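The block underneath contains the structure these notes are about, expressed in structure tokens.
Quick note: the coordinates plus some simple rules give every number you see, no bench work behind them. As the structure is a computational prediction, the values presented were derived from the model and not from experiment. Reconstructed Cβ throughout: ideal geometry from the backbone, glycine too, with neighbour counts over all protein chains shown.
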Amino acid sequence: MYRRIQQRQSGQKGILLPVCVVCGETPPKGIAGGILVSRCFICTRCEKEIVRSRVGDSRYSEIKEGLKRIWGYVKP
């Protein structure tokens, strides 16, 4: 999942920035701020949350729904 951003100040026509499937945000480092899984981007912050989360955690359901988008079970 990427979104196209126009940058007029730098003279570039457009650049492609990754959008995390879990939190929906673009990391400051761009593509270097996360990983690609089946052509979907997961930011480093969410990656760490996935590893640390437990079934009863408050963000568990949100993380689970974001991961479902990777395999096409839920539309964005």
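Each of Val37, Val55, Val22 was scored by other Cβ atoms within 10 Å of its Cβ. Arranged with the fewest first, they read Val55, Val37, Val22. Amide H contacts of Gly34: Thr44, each under 5 Å away and 5 or more positions distant or on a separate chain (H built 1.01 Å from N in the peptide plane; Pro and chain starts excluded). Exposure proxy shown here: for Thr26, Thr44, the number of other Cβ atoms within 10 Å sets the order, fewest to most, as Thr44, Thr26.
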